Structures are given as C-alpha cells and as structure tokens.
Amino acid sequence: MVRHPDPPVKTRWWPAFPSELRSTPLTTYVGLALGVAFGVCFVTGLLSHLIQHPPAWFWWPARPVGLYRVTQGVHVATGLATVPLLGVKLWSVYPRLFTWPPLRSIGHAAERASVGVLVAAALFQVISGVLNISRWYAPMPFFFTTGHYWVAWLAVGALLVHIGVQLPAIRGALARRTAPRPDGLTRRGLLTGVAAAAGLITLTTVGQTVRPLSGIALLAPRRPAVGPQGLPVNKTADAAAVRSAALDPAYRMVVSGPGRQISLGLAALQALPQHTAQLPIACVEGWSATATWTGVRLRDLVALVGADPERATVTVESLQEAGRYRASTVPPEHVRDPLTLVALRLDGEPLHVDHGYPARLIAPNRPGVLQTKWIGRITVRGPR
Amino acid sequence: MRIRAALIAAGILTMLYAVVGGLADPGLERVGVLIFLVAVLAAHDAVWMPAVLAAGALLTRLVPRRHRPAVRVAAIVAASVTVVALPLVLGFGRSADNPSALPSAYGRNLVFVLLVIAAATLPAIGRGKIRRKKSERPHEGGDDPADR
C-alpha cells in the first residue's frame with residue numbers, strides 16, 4: 001500500500017513543525033538502529049560491570065587474551081555512533097512533546113512519563129559516556145561508573161516499555177511503503193546522512209583501540225602509541241600519590257599465603273625465573289594497546305608461598321594508600337594462566353613509574369583498572 | 001497483544017530494579033544522578049532542539065532549494081561529529097601529569113574533519129546543479145518545508 005507521509009502532530013501553542021520528513025517509518029528505522037545499539041551497549045557494559053564486580057555465579061575466562069578489549073571497544077564505539085541516531089530520533093518525534101491536550105487519560109500520562117524517563121536516561125547515558133572518555137568529570141555531579149550503570153538499567157527498562165507500547169506502529173511502519181517525494185531531502189537521504197555521521201565518528205575515534213586505524217584517529221581521546229614507553233597511561237604515579245613509595249630503594253613486595261609469608265625486593269624478584277608475554281592494556285574507556293611485558297609468573301609466586309597455583313585466588317594490592325582501584329582480585333582462571341605476570345619490564349626496559357614501577361600486574365583478558373600497578377602486597381587464598 | 005504485555009511488564013520490572021538497586025547502592029549519588037537526568041532532558045528539549053530547528057530554518061532561507069538536501073545532510077554529519085569532539089576540543093580533561101590523555105590537537109583536527117565534510121558535499125551540490133539544468137524545474141527558492 002502506498003501512503004503519503006503522516007500528517008503533522010496537532011499542537012496548540014507551538015507554531016508548526018512543517019518538515020514532511022518526520023514520519024512513523026523514519027522514526028521506526030532510526031529507532032530500530034538505536035535499539036540495537038543500546039542493546040549492544042547494555043550487554044557489553046553489563047559484562048564489564050560483572051568482570052569488575054563478579055557475583056558468585058559469574059565466571060570470566062583468561063582466554064581469548066583480547067576478548068575484553070573487543071567487548072569494551074565495541075561498547076564505546078557503539079555508544080559514540082549512537083550520537084547521530086539519538087539526535088535524529090528525538091528530532092523526528094519532537095512535535096509530540098507539544099501534543100494537545102497534554103494528558104488524555106491515566107494511561108496516556110503513564111506512557112508519556114515512561115517516554116520522558118527513556119529520553120532522559122538515553123541522553124544521560126550518551127552524554128555521560130562522551131564526557132567520561134574525554135575525562136571531563138566536573139559537569140557530572142556523581143561518580144560516573146555507578147551512575148552510568150544504574151541509569152543503564154533505567155534506560156533499558158524504559159526502552160522495553162516503549163517497544164511494547166509502540167509495537168503496532170513499528171509493525172505498521174515496516175509493512176507499508178510511503179510515496180517518495182521528488183524534491184527536498186528524502187528519507188533515504190536522511191538515513192544515509194545518519195549512517196555517514198555514525199561512520200565518520202567511528203572512523204575518527206576507533207583507532208584508539210583498532211591499531212591500523214590509529215593514524216586517522218583524529219578525534220580519539222587516546223592514541224595507542226602515545227605515552228611513556230609508547231603506551232598510554234590512565235592513572236599516573238602522581239595522581240595515585242605513590243611516586244615516593246614506588247621509587248623507594250627499600251621497596252619490598254610482601255607475598256602471603258595460607259602457610260607462609262615472604263618479602264621480596266626488586267633484585268629478588270628479578271632473580272626469579274622471568275617470562276615474557278604480549279598482552280594488551282584494555283581500558284574501560286575504550287582504548288587499548290598491546291605491549292611486551294616481562295616479569296614473574298603470578299602462579300610461580302603463588303607456589304612460592306605454598307599454595308596451589310591451579311586453584312588459588314589472589315588479591316593484589318597497590319602501594320597506594322587509598323583509591324577505588326588500589327586492589328584487585330585475580331580469580332583462579334587468571335592465576336593459573338602462564339601469561340599472568342607480575343611484570344617488571346615493558347618492551348625490555350624497567351617499567352616507567354606511571355606504568356607501575358617497580359612491579360605491576362598484567363593478565364590476559366582483563367580490564368585495565370584491574371591490572372594493579374605499584375604492587376605492594378599479594379595475598380593468596382585457597383579455593384573459593 | 002501478549003508480546004506487548006510481556007515487553008511492558010519486563011520494562012516496568014527492569015525500571016523498578018534500577019530504582020531499587022540504585023537506592024540501595026551506597027556508591028550512587030542519587031541527587032546528583034537525578035539532577036543530571038533532568039538537566040540533560042531540559043537542555044535537549046529547551047535549548048538544543050530549538051537551536052537545531054532555528055538552524056534548519058536558517059538553512060532553508062540561505063541555501064537555494066536544489067542544494068538543500070546535500071547541505072542538510074552535511075549539517076547533520078557536522079553537528080554529530082562536533083558533539084563528540086567538543087569535550088576534547090574544550091580540553092577540560094587534560095592533566096599536566098598525564099600527557100597521554102587527550103594527546104591530539106583536537107581543535108585543528110575538528111576543523112580538518114569539518115573541511116572534509118564540506119569537500120565531500122561539494123560534488124553533491126555540483127550534481128544538483130547539473131540535474132537542475134537538465135530538468136529546468138520552474139519553482140525556484142520556494143519555502144521548502146523539509147527542515148523544521
């Protein structure tokens with residue numbers, strides 16, 4: 001069936017919204033793409049949350065080595081690509097904000113309220129995400145990670161309600177054909193523009209994690225080869241207030257197990273068997289970079305204090321006195337992996353202090369915030 | 001109907017989980033989150049969208065009818081890229097002790113990307129001219145409604 005575009009929504013005091021481009025099919029197509037993008041962001045974001053705060057039932061493997069760099073890279077890249085989708089989606093339904101009468105019934109009021117929650121939560125997620133990767137925290141009066149996590153549930157809930165309410169309109173829009181307009185911007189033209197915008201944003205930012213594209217990462221917050229020793233840094237030694245403790249010649253790493261406790265200086269750590277691994281640092285902010293790390297296998301240290309390296313769980317603590325990420329737990333899957341190192345060297349040189357000198361954790365398939373730097377203490381526990 | 005009811009019920013339960021879970025999480029600054037939710041909604045609906053509509057209306061006045069589709073697409077792409085790049089260009093996230101964060105010259109890079117968008121738009125405008133010469137449609141510069 002061929003139909004002409006929907007008539008403009010009736011509003012009372014707003015002058016007019018004359019664009020004939022606004023239509024249910026346009027809103028549907030953009031909305032479907034946006035729904036898929038939000039789904040991808042929700043799943044990858046939830047995964048990242050579970051890896052960092054694992055409940056008892058959760059399990060995350062040590063291999064493939066770069067899985068987290070992919071899931072989190074996809075999370076941030078997809079989130080950035082939603083900017084034009086969300087913009088055009090909201091433009092296409094903006095006249096409905098001025099629907100008259102504003103409330104027809106209790107059901108209508110509830111539906112409008114849920115749409116309000118959806119729009120607020122969607123804007124919250126996209127804007128807070130963009131601010132976070134730009135490290136601009138001042139406009140956000142809350143701790144980003146926690147806010148972004150709970151509002152994600154709010155957004156997904158409101159999205160499910162919205163799809164449920166709009167399902168007949170979605171089905172109708174997908175089933176029918178509207179008459180093409182001979183002049184002016186067509187729906188296809190607009191959708192092409194939205195896709196081009198999303199594509200351009202991706203091309204100019206994704207090089208922060210996809211190394212071959214780093215040369216055109218003009219608008220990426222990170223360049224994978226820029227930083228001390230050619231590797232980006234998230235938290236510096238000064239920001240962690242750990243510089244003097246890390247550079248202290250009297251440095252000792254305490255390793256304590258169920259049976260015994262040892263204290264190792266840097267020379268003692270260097271005297272243990274050294275192993276080299278190529279592993280990525282994969283930041284929650286969506287950048288990643290591979291480097292060559294050399295150091296002591298974590299499982300060797302576990303065995304040194306008399307614990308079973310196949311089954312032990314390890315807590316790694318930084319020399320940092322305070323800070324949200326001063327300690328991390330290494331589950332058995334990662335402890336037993338021979339690639340999990342207490343690294344002393346990066347690309348053959350001693351670690352830069354901003355990369356965790358004298359010793360840092362580097363494990364496969366793990367978020368960067370859990371790769372604890374400036375290790376002061378390692379506590380080995382038995383099987384969970 | 002059953003699918004719709006299931007979607008709506010699941011959505012309401014998920015939103016309830018967000019509210020209850022968020023309130024129970026001592027790490028969540030609820031007032032701050034609420035302020036930001038309201039602020040981004042108000043800023044979008046009362047500031048950003050009127051500005052977009054005004055820009056669209058201006059574009060209709062300034063750009064000849066036959067060039068409008070290409071210019072409109074270019075404007076959408078440029079606005080999207082600028083939204084993503086603006087926090088980087090402003091550079092409040094830079095810190096003296098960490099030169100690896102925000103390492104690029106984002107202002108210059110954004111200008112370059114905008115010029116690339118403009119350059120990619122020119123051929124489309126050229127094609128519009130040729131098409132117009134061939135068909136010689138009579139109405140010129142009329143009010144194109146496809147913008148606001």
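The values are calculated or read from the model by the stated rules, or taken from the named source; none is laboratory data. Quick caveat: nothing in here was measured; it's all calculated off a predicted structure. For neighbour counting, all protein chains shown are included, and Cβ atoms are generated from backbone atoms with ideal geometry for every residue, glycine included. What goes into the accessible areas is simple: the full protein's heavy atoms, side chains included, and nothing from ligands, DNA or RNA. Shrake-Rupley method; radii C 1.70, N 1.55, O 1.52, S 1.80 Å.
Some notes on this structure:
- Failed criterion for residue A:147 (all others in (1) over 15 Å from residue A:86 (Cβ atoms); (2) at the interface with chain B (Cβ under 8 Å from one of its Cβ atoms); (3) touching a helix residue (DSSP H, G or I) at 6+ places or on another chain (Cβ under 8 Å); (4) touching a residue at least 40 places away in the same chain (Cβ under 8 Å) hold): (4)
- Scanning segment A:114-128 for residues that are without any contact (Cβ under 8 Å) to a residue 60 or more places away in the chain and either more than 8 Å from chain B (Cβ to nearest Cβ) or under 13 Å from the mean Cα position of the chain (by Cα) (or both) gives A:115, A:118, A:126, A:128.
- Some residue of segment B:74-89 being of a type in the set (S, T, N, Q) and either more than 9 Å from every other protein chain (Cβ to nearest Cβ) or open to solvent by 30 Å² or more (accessible area, probe 1.4 Å) (or both): yes
- Unique match (being part of a helix (DSSP H, G or I) and more than 12 Å from the chain's Cα centre (by Cα)) among A:94, A:68: A:94
- Of all the criteria given as (1) assigned to a loop (DSSP other than H, G, I, E, B); (2) crowded, with 17+ Cβ neighbours inside 10 Å, the one not satisfied by residue A:342 is (1).
- Test result for residue A:213, in contact with a helix residue (DSSP H, G or I) (Cβ under 6 Å, 6 or more places away or on another chain), at the interface with chain B (Cβ under 7 Å from one of its Cβ atoms) and open to solvent by 20 Å² or more (accessible area, probe 1.4 Å): no
- Matching residues, segment A:210-232, being closer than 18 Å to residue A:74 by Cα and assigned to a loop (DSSP other than H, G, I, E, B): A:210, A:217, A:219, A:220, A:221, A:222, A:223, A:224
- Scanning segment A:179-186 for any residue that is open to solvent by less than 40 Å² (accessible area, probe 1.4 Å), over 23 Å from the mean Cα position of the chain (by Cα) and at positive phi turns up at least one such residue.
- When segment B:13-32 is limited to residues that are open to solvent by 80 Å² or more (accessible area, probe 1.4 Å) and under 30 Å from residue A:168 (Cα atoms), the one that is nearest to the other protein chains (Cβ to nearest Cβ) turns out to be B:17.
- Of the criteria (1) farther than 18 Å from residue B:30 by Cα; (2) at the interface with chain B (Cβ under 8 Å from one of its Cβ atoms); (3) open to solvent by 20 Å² or more (accessible area, probe 1.4 Å), which one residue A:141 fails: (1)
- Cβ-Cβ contacts under 6 Å between residues 6 or more apart (or on different chains), taken from a first residue in segment B:34-54 that is surrounded by 14 or more Cβ atoms within 10 Å (Cβ to Cβ) to a second residue that is at pLDDT below 95, are listed as B:53/B:148.
- Residue within segment B:137-147 that is closer than 14 Å to residue B:74 by Cβ, open to solvent by 70 Å² or more (accessible area, probe 1.4 Å) and either at pLDDT 55 or above or more than 10 Å from every other protein chain (Cβ to nearest Cβ) (or both) present: no
- Those residues of segment B:55-66 which are open to solvent by less than 50 Å² (accessible area, probe 1.4 Å) and either small (Gly, Ala, Ser) or touching a Ser or Thr at 6+ places or on another chain (Cβ under 9 Å) (or both), in sequence order: B:56, B:57
- Residues that are under 18 Å from the mean Cα position of the chain (by Cα) and small (Gly, Ala, Ser) within segment B:66-106 comprise B:70, B:74, B:75, B:78, B:79, B:80, B:85, listed in sequence order.
Residue-wise test of (1) under 16 Å from residue A:312 (Cβ atoms); (2) touching a helix residue (DSSP H, G or I) at 6+ places or on another chain (Cβ under 8 Å).
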| residue | (1), (2) |
| --- | --- |
| A:328 | yes, yes |
| A:333 | yes, no |
| A:338 | yes, yes |
| A:350 | no, no |
| A:359 | no, yes |
| A:371 | no, no |
| A:376 | no, yes |
| A:380 | yes, yes |
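Rundown of residues vs (1) open to solvent by 50 Å² or more (accessible area, probe 1.4 Å); (2) within 23 Å of residue B:37 (Cβ to Cβ); (3) in contact with a helix residue (DSSP H, G or I) (Cβ under 7 Å, 6 or more places away or on another chain); (4) touching a residue at least 60 places away in the same chain (Cβ under 8 Å), yes/no style:
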site: A:54; (1), (2), (3), (4): yes, no, no, yes
site: A:72; (1), (2), (3), (4): no, no, yes, yes
site: A:87; (1), (2), (3), (4): no, yes, yes, no
site: A:92; (1), (2), (3), (4): no, yes, yes, yes
site: A:98; (1), (2), (3), (4): no, yes, no, yes
site: A:104; (1), (2), (3), (4): yes, no, no, no
site: A:110; (1), (2), (3), (4): yes, yes, no, no
